[in-house]
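The structure under discussion appears below in the form of C-alpha cells.
The values are calculated or read from the model by the stated rules, or taken from the named source; none is laboratory data. Note that the structure is a prediction, hence the values are computed from the model and not measured. Every residue, glycine as well, gets a Cβ built from its backbone with ideal geometry; the counts of neighbours run over all protein chains shown. Keep in mind that these areas ignore ligands, DNA and RNA; they rest on the heavy atoms of the full protein, side chains included. Shrake-Rupley method; radii C 1.70, N 1.55, O 1.52, S 1.80 Å.
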Amino acid sequence: MNKRMIRLAALAVTATLATAGAPAGATQWHDFGPRAMGMGGAGVAIAQGPEASYWNPAGLGQLYNTSGLAFPIGARGEFTGTVLQGANDLNQIARDCDAGVNCTNARISDALARLGQTGSGAMIDWGGGGELKIKRVVVFVNNLGYVGLTPRVDTNVTGCPGTTCLDTNLSKLVFKGGSFTELGLGYAKEIKETGLVLGGNLKGIVGNIGYNEVIVAQTDTEGGSFGKFNDNAKSSFRPGIDLGLLWDARETYSSLPWRPRLGLVARNINNPKFDMPDAAKLAGAGDKYSLEGQVRAGAAISPFKFWHLAADLDLTKNLTAIEGYHSRFLSLGTEINIFNRTWINIPLRAGIKKNLSDTGSGAAYSLGLGLNFLHIIVDVGGQVSAKRTTIQGEGKTEEIPNNFAGAARIAFLFGGKDEGGREKAEK
C-alpha cells in the first residue's frame with residue numbers, strides 16, 4: 001500500500017470510529033432488504049449492488065460489481081420486556097372485575113408493574129425505496145421509519161377492588177417516532193487495485209416526527225392513537241453523511257484462501273437532529289429527535305464461489321423508539337447459491353441475530369431465498385424470535401413471538417457477477 005492510500009484509509013477509519021464514541025443514538029439498525037434479513041441482518045462486508053448505499057457505501061466501488069435498479073421493502077415489529085404480560089393481565093382483570101371475580105388491588109398492582117417495567121414496550125421499524133446504481137455511483141430515495149410505544153404507569157389503584165376502579169387509573173401509552181426520507185448520492189473507489197475501497201453518501205433527509213399520549217382507561221373517539229400521532233407530526237430537513245470502508249484481502253494477498261473481507265460503516269456521522277412537534281415539547285420530550293451516528297463492523301468469507309458466510313456487530317449501543325431500551329446486534333448468516341450461473345441462480349439464506357444489550361431477549365432466526373433469472377431478481381426474507389409470550393384470551397391461549405420481520409425485493413441488475421460476490425476473474 002502506498003502512503004496516499006494509507007492516509008486515505010486512516011482518514012476514513014478515524015472519521016468512522018469517531019462516531020463510535022458518540023452518545024447512544026436514537027435509531028436502531030434496520031435489516032434493509034431481504035438478502036441481509038435472510039442472513040440474520042449481516043450485510044456490511046458483503047454489501048454489493050444498489051443496496052450497498054445503505055449497508056456499506058464502500059461496496060459500490062468493488063470491481064465486477066453489479067449495477068441496476070432495485071426496489072426493496074421490509075418491516076420489523078418487536079415487544080420488549082413484560083409489556084405483553086402486563087397488557088394481557090390488565091385485560092383479564094378488567095373482565096374479572098366486571099364479573100365480580102378475583103378483582104383485587106394486589107392483582108391490579110402486579111399487572112401495572114409488569115406493564116410499566118423499564119424497557120418494556122412495543123415498536124415497529126420499516127425501510128423501503130428505490131436505488132439506481134451505475135458503475136460506482138448510486139442515486140437513491142429510501143424511507144426509514146421507527147415508531148415506539150412506551151407505557152407510563154400510574155400505580156394509584158384507589159377505589160379498587162370494584163367494577164370501575166380501572167376507569168380512573170391514569171396509566172398512559174406514549175407513541176413517539178419518525179419517518180425519514182433520504183434522497184442521496186453515493187460513490188466509492190478502490191485504491192490502486194489493492195482491494196481496499198472507500199465510499200460515502202451525501203443525503204438530504206426529510207424527517208417527519210410524530211408524538212401522542214393516550215390514557216389507557218379512556219376511549220379514544222377521535223380517529224385512534226395513530227391518527228393523533230400523525231396529526232401531531234412535524235417535518236424538517238437536515239443533511240446526512242455516511243462513510244464506509246471495505247477490504248477484500250484476496251486483492252491484497254492473492255494467495256489467501258476463502259476470500260476474507262472486512263467492512264466498517266458509519267451512518268449519519270453528522271448526527272442530524274429534527275424538530276419535535278409541539279405536543280412532544282409540551283410533554284417534556286425535548287425539542288429535537290436525533291439520529292445519532294451508528295457504527296457497524298462486518299466480516300465475510302467465501303469457502304467456495306457458491307457459499308458465503310458473514311457476520312456483523314454494532315459498535316455503538318443504540319437507543320430505540322422505546323424509552324429506556326437499547327439495541328446492539330450481533331448477526332450471523334450464510335448464503336448458498338444453487339446453479340450459480342450468470343443467467344440463473346437460486347440463493348438460499350439462513351441466519352441468526354441477538355441483541356447483546358438485552359440479555360433476556362431471545363435470538364431471532366431468519367430464512368430467505370431468491371430467484372435470479374437473466375437480469376430479473378426477486379428475493380424474500382423473514383425473521384422470527386425463538387422467545388414467545390403466552391397470551392390468555394377468551395377460551396384460548398396464544399403464543400406470540402417477541403419479534404418478527406419480513407422483507408422483499410424486485411430488481412433489474414446487469415454487469416459484473418452475481419450478487420453473491422463471486423470471485424472475479426484471474427488477473
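Side notes on the structure shown:
- Applying a threshold of 6 Å to beta carbon distances and a minimum spacing of six or more residues, or different chains, the list of pairs starting in region 362-382 at a residue that is on the phi > 0 side of the Ramachandran plot and ending at one that is at pLDDT below 95 and open to solvent by 10 Å² or more (accessible area, probe 1.4 Å) reads Leu374/Trp343.
- Residue count for region 61-87 satisfying the condition of being of a type in the set (A, V, I, L, M, F, W, C), at pLDDT below 85 and either closer than 30 Å to Gly129 by Cβ or not in a helix (DSSP H, G or I) (or both): 1.
- Among the residues of region 194-210, just one is assigned to a loop (DSSP other than H, G, I, E, B) and either open to solvent by less than 10 Å² (accessible area, probe 1.4 Å) or without any contact (Cβ under 8 Å) to a residue 60 or more places away in the chain (or both), namely Gly195.
- In region 320-370, the residues that are assigned to a strand (DSSP E or B) and either basic (Lys, Arg) or open to solvent by 60 Å² or more (accessible area, probe 1.4 Å) (or both): Leu330, Leu332, Ile336, Ile338, Leu348, Arg349, Lys353, Lys354, Tyr365, Leu367, Leu369
- Scan of region 265-315 for residues that are in a loop (DSSP other than H, G, I, E, B), open to solvent by 50 Å² or more (accessible area, probe 1.4 Å) and either closer than 27 Å to Gly38 by Cα or among the polar types (S, T, N, Q) (or both), ordered by number: Asn270, Lys305, Phe306, Leu315
- Only residues that are open to solvent by 50 Å² or more (accessible area, probe 1.4 Å) and either part of a helix (DSSP H, G or I) or of a type in the set (S, T, N, Q) (or both) were counted across region 88-103, and they come to 6.
- Test: residue in region 221-239 that is among the β-branched types (Val, Ile, Thr) and at pLDDT below 95: yes
- Residue within region 122-132 that is acidic (Asp, Glu), more than 16 Å from Glu323 (Cα to Cα) and surrounded by fewer than 24 Cβ atoms within 10 Å (Cβ to Cβ) present: no
- Only one entry in Ala58, Ala42 is at pLDDT 95 or above and more than 13 Å from the chain's Cα centre (by Cα), namely Ala58.
- Which numbered condition Leu262 fails, given (1) touching an Asp or Glu at 6+ places or on another chain (Cβ under 8 Å); (2) under 20 Å from Pro57 (Cα atoms); (3) open to solvent by 60 Å² or more (accessible area, probe 1.4 Å): (1)
- Within region 314-365, the set of residues being under 14 Å from the mean Cα position of the chain (by Cα) and closer than 24 Å to Phe304 by Cβ comprises just one member, Ser331.
- When region 41-66 is filtered for residues that are in contact with a Leu (Cβ under 8 Å, 6 or more places away or on another chain) and either closer than 30 Å to Thr397 by Cβ or open to solvent by 10 Å² or more (accessible area, probe 1.4 Å) (or both), only Gln62 remains.
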